[in-house]
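Chemist: Following this message is one structure expressed as structure tokens.
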Amino acid sequence: NKILDFALPPYDWNTQRKLATSQLVDEYGHHTRGVNQSCAIILGIGGKPEKLINIDAARDDGVLVLRRFSGGGTVVVDHSSLWTTFIGRNSLLPHVKPFPREIMKWSVDAVFGSAFESWGKQFKPSRRQTLVFKGKSCGFSGGVGESLILPPSPNETQEIQNTDTPLFQLRENDYVLGEHKIGGNAQAIVKDGWIHHTSFLYDFVDNNMEYLTLPDKRPDYRGNRSHNDFLVRLKEHYGEKSSKNAFFEHVKKGTNESFELEEVSLNDVLTIAAEQFGGLQEWWDTKCRTKVVKL
């Protein structure tokens, strides 16, 4: 997050979309694509750029490419990506076997399943009410059979499930809505514990996904679908009556159902980093295993 905040400009979706889809013309009239600062490409620790990235396009556009310390595939992220991380200790979660599929199943059962179910619920007014006086309907004009229809009380709502949203589930090693993937995930597993992080796709620019090639290793349910046909924006199903920040409220709610949740501030985190690692910059320069990749 630190390097992305430094490398990517402040979030302005309209500007990003224009930059990512427009072409520039140099002084000689040649069309150039310009520098694309609307996204970054992140490889897994073992990912080979020449097999996973459209090298020429990414290099020509000056896209930031990183190699993270965890496994998994290649993802394109931007300011609309929603990032989550679980850090698990085997001694505290002995029932979670330290393997990718088992960790992901635990994440669905313990947090994400409840979070997406909660996020998918909407509210609508309850049934209309008819005002009845002395056993008869009270009409506007006094005509027989006419009645006064009252709007529902603001406090009287009923919770319903948005049936238009495909079911959130774990499919192979992907989080999906129906037949479409909603983000990339990866794990780093060591002797005493593991880390599992995900970049959920609230929104993205179609052209940015063209930096990724069709990987040789891919889930069966994907087939030969392109990234744009294979992925879906969470915004399309949850954005009409919600926002991307609401996602984290539902994740907190889901987490609180399985754990005793204690929130800390960014200043608390920075203080810990300063005391234990000498600060984020020192950590980045010395111990951080995420590195910039030169194409």
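The values are calculated or read from the model by the stated rules, or taken from the named source; none is laboratory data. All values reported here derive from a predicted model rather than from experimental measurement. Using ideal geometry, Cβ is built from the backbone for each residue, glycine included, and neighbour counts are taken over all protein chains shown. Just so you know, the surface numbers come from the protein's heavy atoms only, side chains and all, with ligands and any DNA or RNA stripped out. Shrake-Rupley method; radii C 1.70, N 1.55, O 1.52, S 1.80 Å.
Chemist: Of all the accessible heavy-atom surface of the range 178-290, with the other protein chains kept in place and a 1.4 Å probe, what percent is carbon and sulfur?
Modeler: With neighbouring chains kept in place, the figure for the range 178-290 is 48 percent.
Chemist: Here's a follow-up. So what is the accessible area of the range 175-229 per residue, in Å², with the probe set to 1.4 Å?
Modeler: Value returned for the range 175-229: 43 Å² of accessible area per residue.
Chemist: Given a Förster distance of 45 Å, report the FRET efficiency between Gln281 and Thr213 from their Cβ-Cβ distance, rounded to the nearest 0.05. It would help to have the intermediate numbers written out before the result.
Modeler: Values: r = 34 Å, r/R0 = 0.76.
E between Gln281 and Thr213, to the nearest 0.05, is 0.85.
Chemist: With a ≥ b ≥ c taken as the square roots of the eigenvalues of the C-alpha gyration tensor of the range 44-124, please select rounded if a/c is under 1.5 and otherwise prolate if a/b is larger than b/c or oblate if it is not?
Modeler: Judged from the Cα gyration tensor, the range 44-124 comes out oblate (a/c at least 1.5, b/c at or above a/b).
Chemist: Would the range 206-295 count as rounded, prolate or oblate if I go by the C-alpha gyration tensor, calling it rounded below 1.5 in a/c and otherwise prolate when a/b exceeds b/c, oblate otherwise?
Modeler: Details: a/c = 2.48, a/b = 1.29, b/c = 1.92.
Oblate is the answer for the range 206-295, as a/c is 1.5 or above yet b/c matches or exceeds a/b.
Chemist: Go ahead and run the numbers for FRET between Glu260 and Asp229, Cβ-Cβ distance against an R0 of 51 Å, rounding to 0.05.
Modeler: Rounded to the nearest 0.05, the efficiency is 0.75.
Chemist: Just in the range 222-286: which chymotrypsin sites (Phe, Trp or Tyr not before Pro) are loop by DSSP and have at most 13 other Cβ atoms within 10 Å?
Modeler: Of the chymotrypsin sites (Phe, Trp or Tyr not before Pro), the ones in loops of the range 222-286 whose Cβ has at most 13 other Cβ atoms within 10 Å are Phe259.
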